[in-house]
Structure formats: structure tokens, C-alpha cells
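K.L.:
I'd like to ask some things about the structure below.
No value in this document is a laboratory result; all are computed from the given coordinates. Note that the coordinates shown come from a computational prediction; the quantities given were computed from them, not determined experimentally. Quick reminder, even Gly has a Cβ in these numbers, built from the backbone with ideal geometry, and neighbours come from all protein chains shown.
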Number of protein chains: 2
Amino acid sequence: MNRREKIYKEALALFNKHGYDNTSTSKIAEALHISKAGLYHYISSKQHLLFLIHEDYMKKHFIPILEGAEKFSDPEKRITYFIQNYATLLSQDASARVLIHETRRLEPRYRKEIKRVWRRAFHLIRDSLTEMQASKKGKKLNSAFSAFAVIGMVSWTFYWFDYARKGAGKELSETFSEIFLRGFLKGSD
Amino acid sequence: MNRREKIYKEALALFNKHGYDNTSTSKIAEALHISKAGLYHYISSKQHLLFLIHEDYMKKHFIPILEGAEKFSDPEKRITYFIQNYATLLSQDASARVLIHETRRLEPRYRKEIKRVWRRAFHLIRDSLTEMQASKKGKKLNSAFSAFAVIGMVSWTFYWFDYARKGAGKELSETFSEIFLRGFLKGSD
């Protein structure tokens, strides 16, 4: 792990533990055993650091889920893959709580970058749903609202999941994909 | 509307518009044309005000949904009522965005009060689901995870809903109840 990655890892751990507001850049530098000037060699502000961590987290954990899902030509498999892997990610790591929560604090240009990734996820799901509708397998529901139903059902996990029970991730991801897919598909159970 | 209610209404409008952090008690007093001392006659701190508003909002808008749902003896109707009314509330008013988001800032004793209401909602849904399972209508899914699937799917609305399109609330609430119920119930569509 290079210096930059160590900074992201330590800062994210501190944000997760104490919250974004209660974690100063001085405390981050201290935990890394570097000077504050040394830390500012890598970042321009605490908010910039929050963005860099979020961007890095998405590149490592969230975008690979989208890429994995995109490989399936069957839209049902694409959505199942997305739901199960995103739910598993959320059940293994509470970072989404602080990252999603604090997104609105970011400068517009940073927020735009995060939103771009979410738009890609939204399109992946909505387009899969409209494909399922075109082949008469999916119900004639509003595909945008249905796509947000998927994203919301899974994302909300960070509000309530007990991270002491990480072993429950598999059951969680199967519950979500079963409910959503059987709810959206016509006459199957 | 009495003075106290006017304070809650104006402060919530300012929180919704500018965010909690960017709204000082001075600005709230100014908008109400009262002195800061006059405002502090009703509240002990800005955080206390946030709690009072949240508590008032739940009493007026959220608890009546739980009470309405509890009147149905049929668990399927109970859940449908909850989903449709909660989704409608979220589609008409963006206040949940700031209230839910800022809950974690509240002192533990205040947060406990908010959580108590959510626990009631959770139990209402989970118990309805286990009833549906007992009568063999519901699938054998984890009822707690399924209850959080409902809450998450609907609550997430405040993250993405376009409040310029309030007319879409009916379609939104029907989409959510259709997906969830048909996903949870056995062999129906």
C-alpha cells in the first residue's frame, strides 16, 4: 500500500469511527505519524480528502460491481448480480454510511463526479428493467421508480444493519433480490 | 397556528432551503421577526429545536400513518396502507431529507425518542409479514430484512425524488406497494 492509500484508509477508518465533523486533519495526520504539512502534500482540504476517499472507494468497490453486472446479456441476471453484490458490499463494510451521508457537503464539481457514477448505476438498472418489459417478462411499472426502488432497498442497509452480524450478508442479498425480482417480473414466484 | 408552531414551520422551511448547518438561530429569529431571546424562550438550543421539529413532524405526519395502518386486521392491507401513505408523504414534502439526515446529530436522549417511533414502524411491518407467513401467504424470507426492504425502498425517495413533480406521488406509491407485496407474497402477480 503506498502512502496515498494509507492516508485514505486511515482517514476513512477515523471518519467511520468518529464521524466526519469530529475528525480533524490534525487527528488524521497524528494517526498516520506524519506532519499536517505532510498530509497537505496529498490533499488540498479535508473536504478534498473526503472526495478523494469517496472516489477511490467507488473505483475499488462500486464500479467493479457495475462492470461485473454489465457483462451479463440477460437483464434479470444483470440486476440480480447488482443487487447481491451491492448488498454484500454494504453488509461487509459500513463506509457507505459516512460516504453517502457526507456527499452533500462536497463542492459541486466533486459531487458531480459522484453523481456520474450513480447515474451509471441507475441507467444499468433502468435499462435492464425496460429490456425485461420489452420481452414481456417485466410488469408495466414505471421503470425509473422501480430502479430507485432497487437502489433504495439496498442502499438503506447502512442505516440499520448490525455490522457485528456480517455473516448475514448472504441472506440479506438473497432476500433483496428475491423480493425485487419476483415483485417486478410477471406471474412467477 | 400558535407561536410555537410558527417557529417550527419557519425553522423547518429554512433548514430545508439552506441546510441545518447553514441556518443559525439568529437567522431563524430574524425570519420570525422576533428577538433571539424571544426564540430561546421556546427552545434551549438549535439542536433542541431540531428535535422539537422532528418530534412535531412525526406526530403530525408519520404516527397517523402507523395508526391508520394498525386499524386494518388484514396484514396485507396494513402494509399496503403503510407503503402508500408513507410514499405519498415523501413525495409531497422534502422535510424527511433534512430530518432523517440530521438525526444522528441529536443528543442520545432525543435520538432515542425518534428511534422509538421507527421501532414501532418496524414492528408493525415485521409482524404483518410474519402473520402473512403464518397463513402461508408470505414467502419464508427473513422477516426483519424484508421489513427493512420496505422501509428502505420508500425512505430512499428523499434522496432522488424531483419535488417539482409532486403529481407523480400516486404512481410512486403504487409502484412500491406492487413490487414489495408481489415480491413477498407467494405465487401471485
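K.L.:
Give me the percent relative contact order of chain A, please, defined on Cα pairs under 8 angstrom at least 6 residues apart.
P.N.:
Relative contact order for chain A comes out at 24 percent.
K.L.:
Using the Cα centre as the reference, give the magnitude of the dipole from point charges on the C-beta atoms of chain A (Lys, Arg: +1; Asp, Glu: -1; all else neutral), rounded to the nearest 20 debye.
P.N.:
My answer is approximately 440 debye.
K.L.:
How many angstrom lie between the Cα centre of segment A:91-163 and the Cα centre of segment B:1-55?
P.N.:
Using only Cα atoms to place each centre, the spacing works out to 33 Å.
K.L.:
Using every alpha carbon pair in segment B:79-189, what percent of pairs falls into each 5 Å bin from 0 up to the bin containing the largest distance?
P.N.:
For segment B:79-189, the binned pair fractions read 2, 11, 20, 21, 18, 14, 9, 4, 1, 0 percent.
K.L.:
Can I ask one more? Is there a quick way to get the dipole size of segment A:1-43? I mean about its Cα centre, with the Cβ of Lys and Arg at +1 and of Asp and Glu at -1; what is the value in debye to the nearest 20?
P.N.:
Computed charge dipole of segment A:1-43: roughly 120 debye.
K.L.:
At 7 Å along the Cα-to-beta-carbon direction for both A:LYS112 and B:ARG116, put a label point, then send me their distance in nm to one decimal.
P.N.:
4.7
K.L.:
How do B:LYS170, B:LYS136 line up, fewest other C-beta atoms within 10 Å first?
P.N.:
Sorted ascending by nearby Cβ count, the order is B:LYS136, B:LYS170.
K.L.:
Place a +1 charge on the Cβ of each Lys and Arg in the protein assembly as shown and a -1 charge on the Cβ of each Asp and Glu, then give the dipole magnitude about the Cα centre in debye, rounded to the nearest 20.
P.N.:
Computed charge dipole of the protein assembly as shown: roughly 320 debye.
K.L.:
Would you kindly work out, in nm and rounded to one decimal, the distances from the label point of B:GLU113 to those of the same position in each other copy, ordered shortest first, with label points 7 Å along Cα-to-Cβ?
P.N.:
For B:GLU113, the inter-copy label distances come out at 4.1 nm.
K.L.:
Of B:SER44, B:MET132, B:ILE7, whose Cα points farthest to the positive end of the dipole of chain B (charges on the beta-carbon: +1 Lys, Arg; -1 Asp, Glu; origin at the Cα centre)?
P.N.:
After comparing all options, I get B:SER44.
K.L.:
Another question, then. Neighbouring Cβ atoms within 10 Å as the yardstick, rank B:MET153, B:MET1 fewest first.
P.N.:
B:MET1, B:MET153
K.L.:
Can you give the FRET efficiency for A:GLN92 and B:HIS101, using 1/(1 + (r/R0)^6), R0 = 25 Å, r = Cβ-Cβ distance, to the nearest 0.05?
P.N.:
Efficiency at R0 = 25 Å is approximately 0.55.
K.L.:
Just need log10 I(q)/I(0) for the protein assembly as shown at q = 0.07, 0.09, 0.11, 0.13 Å⁻¹, Debye formula, equal scatterers on the alpha-carbon atoms, no solvent, rounded to two decimals.
P.N.:
Rounded to two decimals, the profile gives -0.35, -0.57, -0.85, -1.15.
K.L.:
Return the FRET efficiency for the residue pair B:ASP162, A:SER26: r is the Cβ-Cβ distance, R0 is 45 Å, and the value is rounded to the nearest 0.05.
P.N.:
0.65
K.L.:
Could you work out the relative contact order of segment B:124-189, using alpha carbon pairs under 8 angstrom and six or more residues apart, expressed as a whole percent?
P.N.:
That works out to 41 percent.
K.L.:
As I understand it, the dipole of the protein assembly as shown uses +1 on the Cβ of Lys and Arg and -1 on the Cβ of Asp and Glu, about the Cα centre. Which of A:GLY169, B:PRO75, B:SER143 lies farthest toward its positive end?
P.N.:
Of the options given, the answer is A:GLY169.
K.L.:
Where does the Debye-calculated log10 I(q)/I(0) of chain A sit at q = 0.13 Å⁻¹, using only Cα point scatterers of equal weight, no solvent?
P.N.:
For the requested q values the scattering log ratios are -0.73.
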